[in-house]
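Written out below as structure tokens is the structure these notes cover.
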């Protein structure tokens, strides 16, 4: 059986690009101890699709990316631009 090395979850809660989403998805998967193949099978997606998302490729559709993130327990939040800093501070206080 292949050993999965956990990746740290990103510390910045602000999502600005697909690379950051990919890093969060990879961290959630590896911290759960799932291989790429096992996670893809569990989520019902192609291994290549999951790999592409984790590597930050923009070719993965937003609907599928959100489905994968949700399936791995990665929550995404939205906030108006004018409240961005206030929201980041509140999230930091929750740690």
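What follows draws every value from the coordinates through simple rules; no lab data is involved. Nothing here was measured: the structure is a model prediction, and the numbers come from that model.
Below, the figures for the structure above:
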quantity	calculated
Stretchable slack from residue 51 to residue 3, in nm (0.36 nm times residue separation minus alpha-carbon distance)	15.6 nm
Cα gyration tensor category, rounded, prolate or oblate, for region 1-78 with a/c compared to 1.5	oblate
Relative contact order (%) - criterion: Cα under 8 Å, at least six apart; region: the chain	28 percent
Degrees separating the helix 62-71 axis from the principal Cα axis of the chain, which is the longest one	80 degrees
